[in-house]
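Only one structure is covered here, and it is reproduced in the block below.
The values are calculated or read from the model by the stated rules, or taken from the named source; none is laboratory data. Since the model is a prediction, treat every value here as computed from it, not as a measurement. All Cβ positions, even for glycine, are placed from backbone atoms using ideal geometry, and neighbour counts span all protein chains on display.
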Amino acid sequence: MHLGSMRRFGVLAALALAGAAYGAAAQDAPAAPAAAPAPAAAAPFPRSTPLGSGPWDYETQAGKIHVEVLARRLDRPWSLAQLPDGTMLVTERPGRLRAIRDGKLDPIAIAGLPPINPSGIGGLYDVVLDPDFAANRRIYFSYVKPAEDNHDHTTLAVARATWDGGMALADVEDIFVADAWYGAQPWPKRCCGQGPATGSWGGRILFGPDGKLYIASGDRNYGEMVQDPSNHFGKILRINPDGSVPADNPFVGKEGWKPEIWTSGHRNPLGLVAHPQTGELWSTEFGPRGGDELNRIEKGHNYGWIDVTQGQHYNNDPAKAVKGVAGMTDPVLAFGPPSLNPGNIAFYDGAAFPEWRGDLLLPSFTKGLLRIEFDQAGKPGATEELLGDLKQRLRDVRVGPAGEVYILTDETEGAILKVTRGG
Ligand SMILES: [Ca+2]
């Protein structure tokens, strides 16, 4: 461990002592190195406060909204999948898969997950249903996979399984293991004050309208690897549901390129959705300090990291470029500093809030839920901030069948909030 890392871990340890929730937050964005200490008031995230019992009612631009707690005492819930019969599957990042049936959280986790390394902000991430789930009961999930002989040596993996609705998964098998193994000592010397190998994973997965599975793979705080197309660090990948490579991927057959690459140049993409009308893919991404991004994901594009960012490197090294670089795609929106820390996103298309149709719902760690208006041409406009007073780190958002909205709080005492129209 070199001196910079020791200083950083020292800072993290001190923050962990100050409060568990705060310590977890600090791992998402490492504190500034000792050479440029950040004042206490400029901590990377505001401390979360315990979630009250609710419900809460708010006056918003779309009228009254009603917010209640659907489930609580979830440990850092990360993703939510809605089954055709109303059952929900929820991942808890430390490595549990939970079911909510008839609105009640089963106290017993579903068995059958593979070994998962939850160090830092690793663990179990996304869960999605097969497009033909009603017929085949197949699910897919992403997680941090440890090497058998060294559990610190890890990579992002995607597995599939069948679930009959009971207490265990069956037919569990990896369909994709990223060629991004990292974390075993000795650690390489890295630039820019980057954080530990247990962060910046990405981890979102999505079935696109084309029936292909998209995987958001983060840079692991090893950004030097991202502009190298012969690995899976910092890429959005596209595979068939059986793990094979689609023949129409942009770099199939290109010397030196991983054939799964759909786009490159990503740091920590934590949101990935298909627009319900246009079918376009959109992604949110954590920058370093500031430089959080909303990106329109286009086949074969390069989104710039680690060379192009509107954020600030943690050691205050200047970015090589900020925007407008030939061959690199700039974000549609960039946020911060201070960091917004965007979670997963949803373009609202439900019935409950017709005023929100076409708008982007963007949960954040620092400003609650943002509703960003989009016009017919797909251009973002005004933003309304919702639920900020709850002071929760919001990770994921989903629109339910009646247009109700579910929001996951990424807390050690995490919860699922349900938003409906107020009376
Ligand atoms: Ca970028």
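In region 270-291, the residue that is surrounded by the most Cβ atoms within 10 Å (Cβ to Cβ) out of those that are within 12 Å of the ligand (Cβ to nearest atom) and among the polar types (S, T, N, Q) is THR284. Being within 15 Å of the ligand (Cβ to nearest atom) and of a type in the set (Val, Ile, Thr), is that true of even one residue in region 339-358? Within region 339-358, none of the residues are within 15 Å of the ligand (Cβ to nearest atom) and of a type in the set (Val, Ile, Thr). Among the residues in region 292-310, are any away from the ligand (no atom under 12 Å from the Cβ), under 17 Å from ASP219 (Cβ atoms) and not charged (D, E, K, R)? No, region 292-310 contains no residue that is away from the ligand (no atom under 12 Å from the Cβ), under 17 Å from ASP219 (Cβ atoms) and not charged (D, E, K, R). Residues of region 104-115 include none that is within 27 Å of ALA197 (Cβ to Cβ), in the same structural domain as SER142 (by TED's automatic domain parsing) and not in a loop (DSSP other than H, G, I, E, B). Each residue in region 311-332 was checked for being closer than 19 Å to ALA216 by Cα and either within 8 Å of the ligand (Cβ to nearest atom) or buried (at least 18 other Cβ atoms within 10 Å of the Cβ) (or both), and 4 pass. In the set (1) free of Cβ contacts under 8 Å to residues at least 60 places away in the same chain; (2) out of contact with any helix residue (DSSP H, G or I) (no Cβ under 9 Å at 6 or more places or on another chain); (3) within 26 Å of HIS266 (Cα to Cα), PHE347 fails one condition alone, (1).
To keep it simple, each residue is scored yes or no on (1) at pLDDT 50 or above; (2) in contact with a Lys or Arg (Cβ under 6 Å, 6 or more places away or on another chain); (3) not in a strand (DSSP E or B).
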position	(1), (2), (3)
SER5	no, no, yes
ALA25	no, no, yes
PRO30	no, yes, yes
PRO44	no, no, yes
SER48	yes, yes, yes
GLY54	yes, no, yes
TYR58	yes, no, no
ALA81	yes, no, no
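For region 146-183, a residue qualifies if it is farther than 19 Å from ASN136 by Cβ, outside any strand (DSSP E or B) and more than 24 Å from the chain's Cα centre (by Cα), and the qualifying residues are GLU148, ASP149, MET167.
From the list PHE353, PHE365, pick out the single residue that is surrounded by 18 or more Cβ atoms within 10 Å (Cβ to Cβ), among the aromatic types (Phe, Trp, Tyr), out of contact with any His (no Cβ under 7 Å at 6 or more places or on another chain) and farther than 18 Å from THR284 by Cα. Break it down into steps so the answer makes sense when it comes.
Details: PHE365 fails: farther than 18 Å from THR284 by Cα.
Going through PHE353, PHE365 in turn, the sole match is PHE353.
Please verify whether region 207-218 includes one or more residues that are surrounded by 24 or more Cβ atoms within 10 Å (Cβ to Cβ), assigned to a loop (DSSP other than H, G, I, E, B), at pLDDT 95 or above and among the basic types (Lys, Arg). No: zero hits. The number of residues in region 229-260 being surrounded by 12 or more Cβ atoms within 10 Å (Cβ to Cβ) and at positive phi comes to 2.
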